[in-house]
Amino acid sequence: MSLLVAAALLPLILVHLHALWLMVSRREGIAIACSLAAWLVLALLFKALRPSMPLAAVWLPGLYPYALLGISGVFWSISRAQGDTAREKWNWLLSPARPDGPHALFLSVLIGHAGFAVLALWARPALLAYLYAPSATALCFLCYFLILGGYQSRRHGRRLGGLFVSLSILVLPPAAIVFFSALSSWWQGR
């Protein structure tokens, strides 16, 4: 395996290991079950898209850890949302108890997906990066988690503000696309 292939796979492995470590170290059985259910959903989707590749359902979800975490985050937020009204559930979702736990991980992935979805409406490179550059996109989602954790640790567990969530959705995906396209141009120019 060449050094370039290993460097490209490293972010994918890091995201998987980081998410697994967060779920296992916090003993979040529901989060682990949601991740397994998300793997099954992605496996069925890839099997339907690639019926000629018999093992695609097993290894392709591993190439898209951010999609796996996004589906897990949806399942997890549905199963764990606390409160009777939609507003209470929304406030609970935006208030991670720990800035370094599974709640913060799933929240950052959901915010990141919202940002990529908004950006993909106007810019095709965002959709192409999401689909064809899984390592760069995985690094982007890992950065989302670190930014959210840093912001939450300064707020001492208070609810995320609407301005932070809006800026995360509108600013971080274009910044990531610009950064990774500049990095790609630099790499090709070497």
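Looking at region 79-97, can you tell me whether even one residue there is modelled with pLDDT under 80, part of a loop (DSSP other than H, G, I, E, B) and buried (at least 21 other Cβ atoms within 10 Å of the Cβ)?
Within region 79-97, one or more residues are modelled with pLDDT under 80, part of a loop (DSSP other than H, G, I, E, B) and buried (at least 21 other Cβ atoms within 10 Å of the Cβ).
State whether one or more residues within region 44-61 are more than 14 Å from PRO102 (Cβ to Cβ), over 18 Å from the mean Cα position of the chain (by Cα), charged (D, E, K, R) and assigned to a helix (DSSP H, G or I). Scanning region 44-61 turns up at least one residue that is more than 14 Å from PRO102 (Cβ to Cβ), over 18 Å from the mean Cα position of the chain (by Cα), charged (D, E, K, R) and assigned to a helix (DSSP H, G or I).
With respect to the conditions (1) within 22 Å of THR137 (Cα to Cα); (2) out of contact with any Phe, Trp or Tyr (no Cβ under 9 Å at 6 or more places or on another chain), ARG26 lacks only one, and its number is (1). In region 124-155, the qualifying residues are those that are of a type in the set (A, V, I, L, M) and in contact (Cβ under 8 Å) with a residue 60 or more places away in the chain, and the one that is least open to solvent (accessible area, probe 1.4 Å) is ALA138.
Mind checking which pairs have a first residue in region 15-27 that is outside any helix (DSSP H, G or I) and a second that is surrounded by 12 or more Cβ atoms within 10 Å (Cβ to Cβ), Cβ under 7 Å, 6 or more apart or different chains? Note: pairs meeting the criteria are ARG26/GLY101; ARG26/PRO102. Of all the numbered requirements in (1) open to solvent by 20 Å² or more (accessible area, probe 1.4 Å); (2) out of contact with any Gly (no Cβ under 8 Å at 6 or more places or on another chain); (3) modelled with pLDDT under 85; (4) hydrophobic (A, V, I, L, M, F, W, C), LEU44 misses one, and that requirement is (3). Listed by first and then second residue, the pairs with beta-carbon distance under 8 Å, at least 6 apart or on different chains, first residue in region 99-123 and modelled with pLDDT of 80 or more and β-branched (Val, Ile, Thr), second outside any helix (DSSP H, G or I) and buried (at least 24 other Cβ atoms within 10 Å of the Cβ), form an empty list. All conditions but one from (1) surrounded by 15 or more Cβ atoms within 10 Å (Cβ to Cβ); (2) within 21 Å of HIS113 (Cα to Cα); (3) free of Cβ contacts under 8 Å to residues at least 40 places away in the same chain; (4) of a type in the set (A, V, I, L, M) apply to ALA57; the one that does not is (2).
The values are calculated or read from the model by the stated rules, or taken from the named source; none is laboratory data. Note that the coordinates shown come from a computational prediction; the quantities given were computed from them, not determined experimentally. Reconstructed Cβ throughout: ideal geometry from the backbone, glycine too, with neighbour counts over all protein chains shown. For accessibility, only protein heavy atoms count, side chains too; no ligands or nucleic acids. Shrake-Rupley method; radii C 1.70, N 1.55, O 1.52, S 1.80 Å.
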